[in-house]
1. Provide a single number: the residues in the stretch B:340-359 that are within 14 Å of chain A (Cβ to nearest Cβ), among the β-branched types (Val, Ile, Thr) and part of a loop (DSSP other than H, G, I, E, B).
2. Being charged (D, E, K, R), more than 7 Å from chain B (Cβ to nearest Cβ) and buried (at least 24 other Cβ atoms within 10 Å of the Cβ) is the filter here, so list the residues in the stretch A:271-305 that pass it.
3. List the residue pairs whose Cβ atoms are under 6 Å apart, where the first residue sits in the stretch A:73-85 and is among the small types (Gly, Ala, Ser), the second is assigned to a loop (DSSP other than H, G, I, E, B), and the two are 6 or more positions apart or on different chains.
4. Just need a number here: residues in the stretch A:52-69 that are more than 10 Å from every other protein chain (Cβ to nearest Cβ) and free of Cβ contacts under 8 Å to residues at least 60 places away in the same chain.
5. Looking at (1) assigned to a loop (DSSP other than H, G, I, E, B); (2) out of contact with any strand residue (DSSP E or B) (no Cβ under 7 Å at 6 or more places or on another chain); (3) open to solvent by less than 10 Å² (accessible area, probe 1.4 Å); (4) in the same structural domain as B:Val215 (by TED's automatic domain parsing), find the lone condition where B:Asp193 falls short.
6. State all residues of the stretch A:207-240 that are part of a helix (DSSP H, G or I) and among the small types (Gly, Ala, Ser); if no residue qualifies, say none.
7. Is it the case that the stretch B:30-51 has a residue that's assigned to a helix (DSSP H, G or I), facing chain A (nearest Cβ under 10 Å) and modelled with pLDDT under 90?
8. Among the residues of the stretch B:100-115 satisfying the criterion of being free of Cβ contacts under 8 Å to residues at least 40 places away in the same chain and assigned to a loop (DSSP other than H, G, I, E, B), which is surrounded by the fewest Cβ atoms within 10 Å (Cβ to Cβ)?
Number of protein chains: 2
Amino acid sequence: MDAGAAPPLSAADGRVHARYWLETGDDPRRAAEVIAGEQSCGTFTAVPGETPALKARSGARIERLNILDHAEHPALPVLQASPRYTRCLLDLSWPMDNFGPSLPNLMATIAGNLFELRQVSGLRLLDLAVPAAFAAGCPGPAFGIEGTRRLAGVPRGPLIGTIVKPSVGLSPEETAATVRQLLAGGIDFIKDDELQADGPHCPFDERVRAVMREVHEAAQRTGRQAMVAFNLTGEIDQMRRRHDLVLSLGGSCVMASLNSLGLTGLLALRRHSQLPIHAHRNGWGYLNRHPALGWDYAPWQTLWRLAGADHLHVNGLANKFSEPDDSVIAAARAVLRPLHADHAMVAMPVFSSGQTGLQAAPTFAALGTTDLIHAAGGGIIGHPGGIAAGVAAMRQAWDAAVTGVPLPQHAATHPELAQALTAW
Amino acid sequence: MDAGAAPPLSAADGRVHARYWLETGDDPRRAAEVIAGEQSCGTFTAVPGETPALKARSGARIERLNILDHAEHPALPVLQASPRYTRCLLDLSWPMDNFGPSLPNLMATIAGNLFELRQVSGLRLLDLAVPAAFAAGCPGPAFGIEGTRRLAGVPRGPLIGTIVKPSVGLSPEETAATVRQLLAGGIDFIKDDELQADGPHCPFDERVRAVMREVHEAAQRTGRQAMVAFNLTGEIDQMRRRHDLVLSLGGSCVMASLNSLGLTGLLALRRHSQLPIHAHRNGWGYLNRHPALGWDYAPWQTLWRLAGADHLHVNGLANKFSEPDDSVIAAARAVLRPLHADHAMVAMPVFSSGQTGLQAAPTFAALGTTDLIHAAGGGIIGHPGGIAAGVAAMRQAWDAAVTGVPLPQHAATHPELAQALTAW
């Protein structure tokens, strides 16, 4: 959604600010007032205790209402048709006193009972800004980019990663055998698939033990320990126990499915964890895929960074899903943007889905940084020369991207890249 | 979405079954196979370890693919247009061995990376059936209808309820004063607004102490203790501590915002709680409002009942939101339908939003039960004779509904109802 010429949201006044794209068949000002009322002290009808003093203290405030354009038909089904629908940019703000520095309650405030309001025929949360006092009450990522680089032993350049496939169905020993091959190829980062957690066919504990044996064996050989993100998604006590096992076995990362955990679940994991949290966004499509409903990635990832996610998935350029490239880049930029001058809470974007070295140059051109994880499956294991050649070719493609050398030119002196270009 | 003539989902074969409405610009069988592959052992490209034996053991199975109709335009934005789009009913099943009896991991499986697939121009989860072994591993509601009736002292008929308003802005003492009036009116059930949890202006502990004083004082007078659902939404440790306070003060219900907690958060609360959990669905609109994307209520509430929700919001007939009545009734029926012969896990539907006694008869006609909470704000406090008359009129409207007497006829001998009919 185009936010037009509106300035970036700021929470410098100490209030929480949220930006929405709103479509309404009603008068836009009235619709905005209904939303502001519903999400603070108002309700459908005037009630006795809603005094002017209470409204001034606790009411949501309309900070901006810009008309963008009009439409003949509503974006979402409505009970009563209107002759036309107005699209607006709406900024609302709330006093922190309504909820305190509580992410779960912030969620209910900025994204509660408003999408289904009768006055609303389209509503999308575009952005979110929280004041310093709110951010200070949130844990944020414990490791972020620096901590991840340190634990993975990758001081510069992207972490070249991959995902264990098949997603589910491998036994712990089969998983370890796959990991062994990937480690032999010199990979920096490996993750479980989000479908693989602790099923009876591949129990978490056995998998971690088997995989960590391979990790340590490879590290002894190479002097550098690859980072493996073990998917510990589950109940709180299960996740704590699984985290402790990974930690005790010398592992350096855990992974969780955000939409399975919820904010409260991730906060509990974060409060316990001594390892970076690799956050998977599976299910993101149902939150995002209709442009007139739900969430942009910017406000969504803000919540998860405040809650403690160290790595956040952003899809990838030329991906195999339905997301356009500009959306992928906007997501990655959001993850890399400091939340606040005193609480940057920057996380590491994770690029994946149909990735090869061909995406290195455009990804770097768009972001200007290599502070990211670039995960490729077929792009690495499909290399005609094997996995080690696949990993080498990915690194060479990134070297070319960073130094501004065209891929074919770089390939002339890098045989793995040259061979990869015939396969990618 | 119309599921056509397909039979109800069954998990009698021990597998987890999910039903989707799917729209695709691709060949429907191929699209179904991509979804089944993506959500089990497959990925975009064939990988070495994906053997026929592994696929047979761990793959998702296409159980049904019924073509429903076609459309010229895609329901959701697509990267590449197709000449036409096919709408289908798709049933998939998974072996429980892929994830075990784990709700967070079931979520990643049935609602993970599939809504954004390139082959998908519309996808909606319509239904979910879990086998006995899965349900047996989930806590389910600890109180449900029977426990709620016992604690609220309402053996029959609906619980007549209301919500403290203004939603936020009242101090603990002001909240208690409002509650005092509602209790004096003979109300069965009171809940915090979902925006009111533990903000600095109305701290949870002070509010609970002040309100419980009123609850006990009223109970001493009337011999029956009204149920108050205190919104304890927050981090796990906060919720446990808040729950313990409510319990220690003799309270009988706690409330939480499901989309703030997530499944892992609710499971943690349920594992700790000794009180019924009143589950608020705020945010439901972003999951549901576009008919070609996201969630029907049936599968969504199944997850939360398995996780332990005792009361589930279903909106109300003739509500002030954009949800049609048939959707409200379908939601309430889903909440009341046993999940499984041996694990019914039935929860209590909560009707609210612009409710009055006028909705009693159509609600009862559609459900055939009074096992529900009927929450009205203006429908009670707006009564010309005051709150007690408002509560009485609500009860009278339900008596009329259950005995099949038209409201005007019943009003002839019930003055509170007669007066209410001039206001509703």
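The values are calculated or read from the model by the stated rules, or taken from the named source; none is laboratory data. Everything numeric in this text was worked out from a predicted model, so none of it was measured. For neighbour counting, all protein chains shown are included, and Cβ atoms are generated from backbone atoms with ideal geometry for every residue, glycine included. All accessible areas refer to the heavy atoms of the entire protein, side chains included, with ligands and DNA or RNA removed. Shrake-Rupley method; radii C 1.70, N 1.55, O 1.52, S 1.80 Å.
1. Qualifying residue count for the region: 1.
2. Correct list: A:Arg281, A:Asp296, A:Arg305.
3. Short answer, once both residue conditions are applied: A:Ala75/A:Ser121; A:Ala75/A:Ala292; A:Ser82/A:Gly25.
4. Counting residues in the stretch A:52-69 that are more than 10 Å from every other protein chain (Cβ to nearest Cβ) and free of Cβ contacts under 8 Å to residues at least 60 places away in the same chain gives 8.
5. Result: B:Asp193 fails condition (2) only.
6. A:Ala210, A:Ala218, A:Ala219
7. Checked against the condition, which is being assigned to a helix (DSSP H, G or I), facing chain A (nearest Cβ under 10 Å) and modelled with pLDDT under 90, the stretch B:30-51 yields at least one hit.
8. Looking at the filtered set, the residue picked out is B:Pro101.
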